[in-house]
Amino acid sequence: MAEKKSVLEPVVNDFSITVGTVNGSGSQTANLTLMRAFFKMGIPISGKNIFPSNIQGLPTWYTIRVSKDRYLARSETTEIMVAMNPASFANDLDKLVPGGIFLYADHIKEEINRADVVVYPMPVKELVRESGAPRSLRDYVANMVYVGALTHLLGIEVEKLQEALDFHFGGKQKPVELNMKIIKKSIEWAAENFDQASPYRAEQMDGTDGYILATGNTAGALGSIYGGLQFTAWYPITPATGMPEAITKYRPFLQEDPETKKYKFSVVQAEDELAAVGMIIGAGWAGLRTVTATSGPGMSLMSEYVGLAYYAEIPIVIWNVQRMGPSTGLPTRTSQGDINQTYYLGQGDTKHPIFFPGSVTECFEFGWKAMDLAEQLQAPVFVLIDLDMGMNQWMTEPFQYPDTPIKRGKILWEDDLDNLDWEWGRYLDNDGDGIPYRTVPGNEHPKSAYFTRGTGHDEYANYSEDPETWAANLARLNKKFELTRTMVPKPEIHSRDGAEIGVIAFGSTDPAVSEACDYLEADGVAVDYLRLRALPINEDVVDFIRSHKRVYVVEMNRDGQLCQIIALEMLDQATKLISLTYNTGLQLTAAWVQNAILGKEMK
Amino acid sequence: MGAKKETLNGIGLSKEDYAGAPSTLCRGCGHNAIVNQMIAACYEENIPPEKVVKFSGIGCSSKAPTYFLSRSFGFNGLHGRMPSLATGALFADTSLIGIGVSGDGDSASIGMGQFKHVMRRNLPLVYIIANNGVYGLTKGQISATAEEGLALKNQSQNMYMPIDIVWEALVGRASFVARGFSGDPKQLKDLFKAALHHRGMAVIDVISPCVTFNNKDDTLHSYAWGKLHEVALHELSFVPAAEIVTVDYEKGQTAKVDLHDGTHIILKKLEHGYEPGDRGAALQLLEEANRKQELVTGLIYIDPDQKTIFDIDYLPPKRLNRVPAEELRPSRESLNKVNALMV
C-alpha cells in the first residue's frame, strides 16, 4: 500500500489519548496494555482513570499522556479521542482539539458535527465476530479493536503490545492470543481504511530506562512490608482498598517463613474503620509494627481512637488515600482536602506528623520511614496521598532498599529493665526530649507492667486528675511534636535564576506544578518551587518563605488548608502567602497552575 | 488484724500478688464480686500475672481491671471498642491470656458491632460483661439490657425489649458462653477458671447489680430478684490436667468437657439435665427461662475445638513482638525481584 501523507507536521511522542467507555466494559485491560506498550517503547507516559462510583453502566474515561519531555500531569487537551460510549459521545467529540483524531465504534449512531477533526468509525462488532472470539468474551475483548486501530495510526510496535499483554495476563497464553488476534485484525482493517496518515506518531526512545510502572497503593503496601510490617487491619473504602489488597497479595511472596510456611505478619479485615484502627492500636501498643489505609470517611470514624493513640502514646501508621469530600462526596475523584482533618485529628489538643509522598517511589520510601517515625515518637503518624497517586499507574523510579536499619524506638525488655540505673515510669521523660520509654505486654519483668488509659495519668501511668500533672504531660507531648520538625523529610527545593516568587505544593500535583514552572519561565516569570514532603514544617520551609516576595500555595481543596496551616505557624509571613486552590475532583493540570499564577502576577 | 500467714499457690505467689488498686466502685457493687472472684480464680489456677493482659472499655464495669492483677499489663480503652483493641494486642504474643471487662452499655449498646464481630472471629479472650441494666457512671440511665417497663429514678419508663447478651453471643458463634450472678460468687469463680483455660472466645454475662441505681427487689438486675429466681444449670467444677484420673464422676449425671490445654470442666447436672454442647438447645433454654422468669446461670454453651482467629491467620508459633528487628524486613534481593515485576 502506498504511503499516505499527512497534511500536518508530525507530532512525535507528545499527545494525549482519551478513551471514553462504559464502566465495567473491560476497557482497563485495553488501556493499561496501550500504556505499557508506550512505556516499553521507551516513551514517558502517564495514565489517568476518570471513573464513576459505579460497577457497571456509567461513563468512564482513561487518558494516556505521551510526553517525550516527561510532562506527565493530566493534560487539558486531547489530541486523539476514542468514543466507545453513546452516552458521552457528543461531549467526547466536543473535547477534541482541532485537527485531532476521532475514532468511534460504528454501532453508535450519533451526529458528527465537526469538520475540523479526522473521523474514523470502527466496525468493532464485525471485527470481533470475525476474530472468532467466543460469544461470551466478545464484550470484554471488543476494546482491543481501538488498541489495534491506534497501533496502526500511531505506529506502536506490535511486539511491545504483545509484551504488555503478556504482563497483564501473567504469561497466560490463551487470553494473550485471543486479544492479539483482535488487535491484528484491527490493524489490518485500519491499514486498509484509514485514508490519512496520522500527524501523531509514537517513536521508540530511551525515556523510560530505569523506571517502573506502579500505583501508590502498591508502593505504600510494599514500603510498609519493607518497613517490617507485622499487623494490619483494614476496612474496604475507595480509593484506599488497593493498599491492604497489595499487602495481602505480596504476603506469600515476601513474608512466608520458608520453614513453617507461616506468614510473618497478620492481616485482618475488620468490621469497620473503628475496629480497624482499634486493632492496629492494640497491636502497636503490644509492640507490633502496624499500618492501616483508609480515606476521608474512614478517617472520621477513626478520629476518637487516634486521639487515644496520641494521648496514650501508641505507634501506628495510617495512610489516608484522599478522595473528594465533604461527606461521601465524590468517592472516585481525587482531592487534597483532608489536610486539616488529619493534622488535628481527635478532640482536645492533638497534632500529628504527616508525610506527603510526591511520587510513587516516595510512597515506598515514606512507607517504611513512617513506621520508623511512629515507633521513635510513640505516636500516630500519617501518610497522605490521593486517589490519583493511589490508584493510577505512575512511571516512577524503582523502589530503593531502605538505607537504614529498622528503628524500634525506646522499648525496654527484661534485660533492659534489669540494667536501668533510674526508676522507669511509662511517661517519664528521662532523656529530656519528650519521648518516654515503653514496655509491651509479654515482658515478664515484675516492673514492666503498667496500665494504659485515655484518662489523665502521671509519669508512672497512674490515674491522675492533678492540674499540674495534666498540664505538664500535655506540654511534654507538644515538645515531642516540636522535635518531629527535625525528624520528618525535608522539602525538595527547585530554584531558578532570578526567581523572586515561590510556589509550594505537595503530593500528586508535583508533575503539574513542575511543568507549569517551565511554562512560567518561558512566560518570563521565574518561580522557585518547594515541594513539601511533610508536616510539621521545618526551617527549610520557613527560610523559603522568608526569602521570597510572594509564595503561592497550590493545593486541591477549597479552603487552602495547607496555606492556613503554614500561615498559622509563621504569622509574620502570612500576608506573603497566596492560596491557589483547584477543587473539581479532577487532577491538577500545568495549564491551570500557569494561568492561576500568571493571572495574579500580571495584575 | 494480726499477722496473717500468707498461703502461696503452686507458683509461689500469694493472693496479694494478684491484687489491684483499691476499688473505687460503690460499696456492695456487683462488680466487686467479679474483681474478687477473678483474683481468686487466677491465684488458684497458678496463672502468672505477667501472662495476663487486661482490657476494658468505658463505664463502671470497665474500671474493674484496675482493681485486680496490677502486675499485669492493662488497657482501659474507648467506649464500646475493647474487642478491637484486644484483637490487635493479643496478636503480639499469643501465649498471653486476655481478660476483657465490659458492661451492658459498653457491649450491648455502643459496642454491639465489635461485640458481635469478635464473637465470630473466636478471639481467645475471657470477655466478661458486668451487666446491671443501667448506666452507672452517668448516673442512672436505662441500658439496652434493661427489662421492658423498668422505671428508674428521674428516667422515663423503658419502652423497649431488652437485649440478651448470652443470646447475642450464641448467635454470634462464640465458642464459650456462660451466665453468672454476682450474688453467686462460688459459681462465678468456677466459670472464670474454665474460661481462663478455654482456647477461644469465652463470654461470661454476669448479672451484677448496681446498688445505687438499679437494685429494687422486683427488678431483673437486682440481688433480690437474682437470688429468688436463679436456677443454676450445673454444679460446675474445674479439674486441672493432672487430677482428672482421680475424679469420680457418674456418667449420665455428669458431663465432662476436655479443654485444649488438657484441663477439664466437670458439670454435675441439676434439675434442667442440660448439656452445653448444642447451640440450638442453648437458645431454647434461654427462651424457656425467659418464659418461666428464671435466671439460668452456668455454662450454657461450649465448643472447645472451634478454630480461633490465630489458627485462621497462619500465625507463626513465635511471639510476634519478640521477633528481632533484623528479621522483620524482607531481603534486598526480594526487592530487586519486585522492581523487575513492574516494568
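The values are calculated or read from the model by the stated rules, or taken from the named source; none is laboratory data. Given the structure is predicted, the values throughout are model-derived calculations rather than measurements. So basically every Cβ, Gly included, is an ideal-geometry build from the backbone, and we count neighbours across all protein chains shown.
Worth a mention:
- Test: B:Gly12 is surrounded by fewer than 24 Cβ atoms within 10 Å (Cβ to Cβ), not hydroxyl-bearing (Ser, Thr, Tyr) and not in a helix (DSSP H, G or I): yes
- Looking only at residues in the range A:542-600 that are part of a strand (DSSP E or B) and among the β-branched types (Val, Ile, Thr), the one that is nearest to A:Met324 (Cα to Cα) is A:Thr581.
- Output for the range A:161-174, where each listed residue is within 30 Å of the chain's Cα centre (by Cα) and without any contact (Cβ under 8 Å) to a residue 60 or more places away in the chain: A:Gln162, A:Asp166, A:Phe169, A:Gly170, A:Gly171, A:Lys172
- Residue in the range A:194-203 that is crowded, with 17+ Cβ neighbours inside 10 Å, aliphatic (A, V, I, L, M) and modelled with pLDDT of 95 or more present: yes
- Boolean, A:Asp388 is away from chain B (no Cβ under 14 Å), over 25 Å from A:Leu562 (Cβ atoms) and not β-branched (Val, Ile, Thr): no
- Some residue of the range B:89-98 being at the interface with another protein chain (Cβ under 8 Å from one of its Cβ atoms), farther than 26 Å from B:Ser222 by Cα and of a type in the set (Phe, Trp, Tyr): yes
- Here A:Val97, A:Val158 are screened, and the one residue that is within 19 Å of A:Leu32 (Cβ to Cβ), without any contact (Cβ under 8 Å) to a residue 40 or more places away in the chain and either among the β-branched types (Val, Ile, Thr) or surrounded by 24 or more Cβ atoms within 10 Å (Cβ to Cβ) (or both) is A:Val158.
- Wholly enclosed helices (runs of 4 or more DSSP H) of the range B:80-144 bearing at least 3 residues crowded, with 22+ Cβ neighbours inside 10 Å and in contact with a Gly (Cβ under 6 Å, 6 or more places away or on another chain): B:82-92
- Given (1) farther than 21 Å from A:Gly390 by Cα; (2) crowded, with 21+ Cβ neighbours inside 10 Å; (3) not hydrophobic (A, V, I, L, M, F, W, C), number of the condition A:Thr575 does not satisfy: (2)
- Filter result for A:Gln269 (at the interface with chain B (Cβ under 10 Å from one of its Cβ atoms) and touching a helix residue (DSSP H, G or I) at 6+ places or on another chain (Cβ under 8 Å)): no
- The range A:245-260, residues that are more than 10 Å from chain B (Cβ to nearest Cβ) and surrounded by fewer than 13 Cβ atoms within 10 Å (Cβ to Cβ): A:Pro258
- Flag if B:Thr138 is closer than 28 Å to B:Thr24 by Cβ and either out of contact with any strand residue (DSSP E or B) (no Cβ under 6 Å at 6 or more places or on another chain) or without any contact (Cβ under 8 Å) to a residue 40 or more places away in the chain (or both): yes
- Restricted to the range A:228-244, and to residues there that are of a type in the set (S, T, N, Q) and away from chain B (no Cβ under 14 Å), the residue that is surrounded by the most Cβ atoms within 10 Å (Cβ to Cβ) is A:Thr241.
- The set of residues in the range B:11-63 being β-branched (Val, Ile, Thr) and within 14 Å of chain A (Cβ to nearest Cβ) consists of B:Ile11, B:Thr24, B:Ile47, B:Val52, B:Val53, B:Ile58.
- The range A:445-465 - residue that is among the charged types (D, E, K, R) and surrounded by 13 or more Cβ atoms within 10 Å (Cβ to Cβ) and, of those, farthest from the other protein chains (Cβ to nearest Cβ): A:Glu459
- Matching residues in the range A:264-318 - criterion: being free of Cβ contacts under 8 Å to residues at least 24 places away in the same chain and surrounded by fewer than 24 Cβ atoms within 10 Å (Cβ to Cβ): none
- Inspection of the range A:229-238 finds no residue satisfying the criterion of being modelled with pLDDT of 95 or more and out of contact with any strand residue (DSSP E or B) (no Cβ under 8 Å at 6 or more places or on another chain).
- The set of residues from the range A:137-181 being farther than 15 Å from A:Ser27 by Cα, in a helix (DSSP H, G or I) and among the basic types (Lys, Arg) comprises A:Lys160, A:Lys174, A:Lys181.
- Number of positions in the range A:400-433 that are closer than 18 Å to A:Tyr460 by Cα and under 33 Å from the mean Cα position of the chain (by Cα): 2
- Out of A:Val141, A:Val147, one residue alone is of a type outside the set (Gly, Ala, Ser), at pLDDT below 95 and surrounded by 16 or more Cβ atoms within 10 Å (Cβ to Cβ). It is A:Val141.
- Long-range neighbours under 7 Å by Cβ, at least six apart or interchain, first residue modelled with pLDDT under 90 within the range B:220-249, second exposed (fewer than 15 other Cβ atoms within 10 Å of the Cβ) and not in a strand (DSSP E or B): B:Val239/B:Val247; B:Ala241/B:Gly262
- Which listed residue is over 19 Å from the mean Cα position of the chain (by Cα) and among the basic types (Lys, Arg), from B:Lys54, B:Lys15: B:Lys15
- Any hit, the range A:314-326, residues being in contact with a strand residue (DSSP E or B) (Cβ under 6 Å, 6 or more places away or on another chain) and within 12 Å of chain B (Cβ to nearest Cβ): yes
- The criterion of being facing chain A (nearest Cβ under 10 Å), over 25 Å from A:Asp272 (Cα atoms), crowded, with 24+ Cβ neighbours inside 10 Å and in contact (Cβ under 8 Å) with a residue 40 or more places away in the chain holds for B:Leu69.
- Per the conditions (1) in a loop (DSSP other than H, G, I, E, B); (2) over 22 Å from the mean Cα position of the chain (by Cα), the sole criterion not satisfied by A:Ala240 is (2).
Matching residues to (1) at pLDDT 95 or above; (2) farther than 22 Å from B:Gly10 by Cβ; (3) within 14 Å of the chain's Cα centre (by Cα); (4) more than 9 Å from chain A (Cβ to nearest Cβ):
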site: B:Pro65; (1), (2), (3), (4): yes, yes, yes, no
site: B:Ser84; (1), (2), (3), (4): yes, yes, no, no
site: B:His117; (1), (2), (3), (4): yes, yes, no, no
site: B:Pro124; (1), (2), (3), (4): yes, yes, yes, yes
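- In the range A:209-227, the residues that are of a type outside the set (Gly, Ala, Ser), in a loop (DSSP other than H, G, I, E, B) and facing chain B (nearest Cβ under 8 Å): A:Tyr211
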